[in-house]
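Some notes on the structure that comes next.
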Amino acid sequence: MILQFDFSSDEALYMQLRNQIVAGIAEGKLKPGERLPTIRALADECGINMMTVSKAYQLLKSEGYIVTDRRSGASVAGSSPTQISEATMKALRICIYEMRIAGMSEEDLIRTCRTIFREGKTQ
């Protein structure tokens, strides 16, 4: 999985990393049980601070997307989180509001969501 960061973005780097790992899991690029790079290795590879990677990993762990072990490091969780976080639902709500303000119809919104959902389906 190739990670790309927008260093000029208003979105924090740890959130960019978190979102790309979540997308990788959803798209099947990262499989359950697959080991992730160590914090140090990923920070060096991406040219970002180790604390940034650590913060992303901590968030992913708290959300249930990854598991960590002192000896074997971080890996993709074997099962998916059972609940959508309140923050995710809030972000979705804002996206829907923005689309409504932009003039998107409910049908177009649903069609767009369906397209995005199918893009992320695992083979």
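Read-outs throughout are calculated quantities, based only on the coordinates presented, and are distinct from any laboratory measurement. This is a predicted model, so every value here is computed, not measured. When we count neighbours, we look across all protein chains shown, and the Cβ atoms used for this are built from the backbone with ideal geometry, even at glycine.
Figures for the structure shown
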quantity	calculated
Rounded to 10°, Cα long-axis angle of helix 86-101 versus longest principal axis of the chain	40 degrees
Order by protection proxy (mean Cβ within 10 Å, highest first), peptides 35-45, 103-113, 63-73, 2-12	35-45, 63-73, 103-113, 2-12
For E34, residues with placed amide H under 5 Å, excluding near neighbours	V76
Residue with peak Gaussian network fluctuation, the chain [Cα springs, cutoff 10 Å], from A56, A91, A77	A91
Mean Cα-pair separation over length for the stretch 1-103, i.e. relative contact order, pairs under 8 Å, 6 or more apart, %	24 percent
